[in-house]
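Below you'll find the structure, written out as structure tokens, and then a few comments.
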Amino acid sequence: MPHEQRTDAAAPGRTQPAPPSPDGPAPPETAVSPTERDLEVLRYVPLLAAYFQRARSEMPPALQEIFSRRRLTARHGAVLTQLLTGQQLSVTELAGRLGVTLSTASELVGNLSDAGLVERQEDPANRRRTLVSLQQEYRPAVLSFIAIRAAPLLRAMASLSPRDRAGFVAGLAAWGREAQP
């Protein structure tokens, strides 16, 4: 039975999938169709592809070698970014910051620990908690990598008015939440 679409009153001209039938969720072809206004925004997304594709090549050689040898991914890099503050974080805190499950965060931390990039230790105040910190010997390499990767975004942010900057940050946060698996 095909799924019908209805017009979204909040966004004129936009359609939404009808509620799922008892037979299961709607097929992908009933996804919301982008409006002209949406297409204006979406045209910039492919321009970011080259930025994301060159991440590995911008890594300092020591990190690049570890990431390649250990088959670490961008998700592992996201953990390292969270640990740059120098403070120890619990695996639960990392899961919350990254928007992943506790088991996923634990697996990422385990991979990074096996690679020698992070240190795990039991929280002396609560033995059920594991605290994670960046290994000091890799801090300069991770900091250098993050500085290189962040430069285009920080330059763009610096060119915005405080109001536009707040809106841009809110938009990025919303996109990040929606993009989570």
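The values are calculated or read from the model by the stated rules, or taken from the named source; none is laboratory data. Values in this document were obtained by computation on a predicted structure and should not be read as measured data. Glycine also receives a Cβ, built like all others from the backbone with ideal geometry; neighbour counts cover every protein chain displayed.
The table for this structure:
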{"quantity": "Yes/no for ARG128 being basic (Lys, Arg), surrounded by fewer than 11 Cβ atoms within 10 Å (Cβ to Cβ) and under 26 Å from LEU48 (Cα atoms)", "calculated": "no"}
{"quantity": "Matching residues, region 54-73, being farther than 19 Å from LEU108 by Cβ and either in contact with a strand residue (DSSP E or B) (Cβ under 9 Å, 6 or more places away or on another chain) or small (Gly, Ala, Ser) (or both)", "calculated": "SER57, ALA62"}
{"quantity": "Number of the exception - LEU63 against (1) without any contact (Cβ under 8 Å) to a residue 60 or more places away in the chain; (2) in a helix (DSSP H, G or I); (3) not polar (S, T, N, Q)", "calculated": "(1)"}
{"quantity": "Restricting region 129-176 to residues that are in a strand (DSSP E or B) and of a type in the set (Val, Ile, Thr), the residue that is nearest to ILE66 (Cα to Cα)", "calculated": "VAL132"}
{"quantity": "Residue within region 117-125 that is under 16 Å from PRO60 (Cα atoms), surrounded by 15 or more Cβ atoms within 10 Å (Cβ to Cβ) and at pLDDT 95 or above present", "calculated": "yes"}
{"quantity": "Residue that is farthest from ALA151 (Cα to Cα), among those in region 40-51 that are free of Cβ contacts under 8 Å to residues at least 60 places away in the same chain and surrounded by 10 or more Cβ atoms within 10 Å (Cβ to Cβ)", "calculated": "GLU40"}
{"quantity": "The one condition in (1) assigned to a helix (DSSP H, G or I); (2) within 17 Å of LEU131 (Cα to Cα) that GLN87 fails to fulfil", "calculated": "(1)"}
{"quantity": "From ARG163, ARG149, ARG129, residue being more than 22 Å from GLY77 (Cβ to Cβ), touching a residue at least 24 places away in the same chain (Cβ under 8 Å), out of contact with any Gly (no Cβ under 6 Å at 6 or more places or on another chain) and not polar (S, T, N, Q)", "calculated": "ARG129"}
